[in-house]
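The values are calculated or read from the model by the stated rules, or taken from the named source; none is laboratory data. Because the structure is a prediction, the values reported are computed rather than measured. Because the Cβ atoms are built from the backbone with ideal geometry, glycine has one as well, and the counts that use them run over all protein chains shown. Please note that ligands, DNA and RNA were not included when accessible areas were found on the heavy atoms of the full protein model with its side chains. Shrake-Rupley method; radii C 1.70, N 1.55, O 1.52, S 1.80 Å.
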Amino acid sequence: MRKTVLIAIVLSILILVSAYVSLVYGVINVNFTDVINTLFRIDPSDQLDLVIFDFRLPRIVIGALVGFGLGIAGTVIQGVTRNGLADSGILGINAGAGAAIVIFMLFFQGQLDLTGWLSIMIMPIFGLIGGLLAAVIIFFFSWQKGTFDTGRLILTGIAISSGFGALSMYISLKMNSSDYEMAAVWVSGSIYNANWIYIISMIPWLVILIPLIIRKSYLLDLFRLSDISSKGVGVPVEREKIKLIILSIGLISACVSVSGNISFIGLMAPHIARQLVGMKHQFILPISGLIGMLLVVIADFVAKNVFTPVELPVGIVISMIGVPYFLYLLVKQKR
């Protein structure tokens with residue numbers, strides 16, 4: 001417990017440092033005094049308000065929330081499937097949620113006359129429907145004799161991901177040029193257009209779903225045993241797995257609705273967390289979330305500054321790390 005708290009403190013400090021660096025460095029550099037004066041409304045200026053409150057701070061907050069959600073969701077998916085290579089992006093859940101949101105963007109964006117919370121929550125709801133559809137298809141083809149066939153799970157997930165990705169591209173080609181450009185960048189995984197409305201749309205999902213997942217963390221420990229052993233201690237295995245999968249898809253959908261298709265966070269974060277704190281999911285879940293936060297905040301800083309004047313989607317930067325890491329895990333598992 002003490003080790004986990006120490007690691008959480010170190011990760012939190014690294015996240016704050018990364019967030020500060022991302023806040024002050026960019027096309028327009030600001031200093032520490034400018035940040036303090038703007039945040040605490042001491043001699044504020046319109047230019048600094050625009051740079052900090054409209055452009056940079058929402059992007060940092062969105063990146064942190066998305067990383068936290070995807071890190072926890074990836075831990076759940078790996079625990080439920082007992083497969084260290086499972087990830088929402090690799091399994092096609094991201095692509096399913098993304099395809100549903102692209103359909104929403106094509107048919108309904110700007111046409112729905114909604115007010116209040118429904119207008120804020122509608123995109124995550126569409127993402128949830130798409131993610132659930134992808135999960136149902138994947139688990140239908142992967143379920144064999146009452147258990148998950150992990151090899152078939154990965155293969156089916158890759159196929160479903162490709163299929164939904166192709167569907168998203170086809171639908172985006174039906175859009176006008178400006179909407180197509182926005183959809184194409186979004187599908188690649190980008191938080192360049194982050195704003196406070198997106199943050200508000202995510203927070204209820206995180207506040208409700210993450211505590212429910214953490215309450216069920218002991219089940220993820222039991223799922224490391226065989227299904228027969230888990231049933232022997234009174235756990236309704238199939239029902240609890242379905243509940244956890246739905247909770248994780250809700251998290252993924254909320255993240256995808258504001259950041260696009262960002263893969264590999266749910267793959268890397270749980271593995272790193274297990275190396276740091278051991279195998280108890282009570283500790284793995286929060287540490288995995290913090291690692292996901294750190295990865296996305298750093299990747300977004302790299303995406304918007306290292307390749308200037310060109311800005312890469314953050315999903316591409318993360319994939320540059322995630323693909324080699326995935327290959328490393330494949331080789332390690334084979335050995």
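Throw me the Rg/Rh for segment 183-309, computed over C-alpha atoms with Kirkwood Rh, two decimals.
Across segment 183-309, the Cα-based Rg/Rh ratio is 1.03.
In segment 1-58, which chymotrypsin sites (Phe, Trp or Tyr not before Pro) fall in coil by DSSP and have 14 or fewer other Cβ atoms within 10 Å?
Tyr25, Phe40
Taking a 1.4 Å probe, which of Arg59, Arg274 shows the most accessible area, and what order do the others take after it?
So, going from the largest accessible area down, we get Arg274, Arg59.
Among the aspartates and glutamates, which have Cα under 12 Å from the Cα of Lys231 when same-chain residues fewer than 8 positions away are ignored?
Glu240
Mind giving me the nanometre distance, one decimal, between the label points for Phe53 and Lys332, set 7 Å out from Cα along Cα→Cβ?
4.5 nm
Against the 2.2 N^0.38 Å scaling, with N counting residues, where does the chain land? I'd like the Cα-based Rg ratio to two decimal places.
Against the empirical 2.2 N^0.38 Å value, I get 1.00 for the chain.
Can you work out the FRET efficiency for the pair Asn305 and Leu14, with r the C-beta to C-beta distance and R0 = 30 Å, to the nearest 0.05?
About 0.95, to the nearest 0.05.
What order, most packed first, do the peptides 246-253, 137-144, 263-270 have when packing is the mean number of other Cβ atoms within 10 Å of each residue?
263-270, 246-253, 137-144
Could you tell me what fraction of 2.2 N^0.38 Å the Cα radius of gyration of segment 187-254 comes to, as a two-decimal ratio?
1.47
In percent, how large is the relative contact order of the chain, given Cα pairs closer than 8 Å and 6 or more residues apart?
32 percent
Can you give me the Cα centroid spacing of segment 29-60 and segment 249-293 in angstrom?
Result: 30 Å between the Cα centres.
Which value in nm describes the separation of the simple spin-label points at Leu6 and Val21, placed 7 Å from the Cα toward the beta carbon?
Roughly 2.4 nm, to one decimal.
Below 22 Å, Cα to Cα, which lysines can Lys332 reach? Residues fewer than 8 away in the same chain don't count.
Partners found: Lys280.
What FRET efficiency comes out for the pair Asp221/Phe32, r = Cβ-Cβ distance, R0 = 51 Å, nearest 0.05?
0.70
For segment 8-25, just list the computed ³J(HN,Hα) in residue order, Karplus coefficients 6.51, -1.76 and 1.60, θ = phi - 60°, integers in Hz, with x standing in for Gly and Pro.
Values per residue, Gly and Pro as x: 4, 5, 4, 5, 4, 5, 4, 5, 5, 5, 4, 5, 5, 4, 5, 6, 9, 9 Hz.
Using θ = phi - 60° and the Karplus curve 6.51 cos²θ - 1.76 cosθ + 1.60, what whole-Hz ³J(HN,Hα) does each residue of segment 179-196 get, with Gly and Pro shown as x?
Karplus-based 3J(HN,Hα) across segment 179-196 equals 5, 4, 4, 5, 5, 5, 5, 5, 4, 6, x, 8, 10, 5, 9, 4, 8, 6 Hz.
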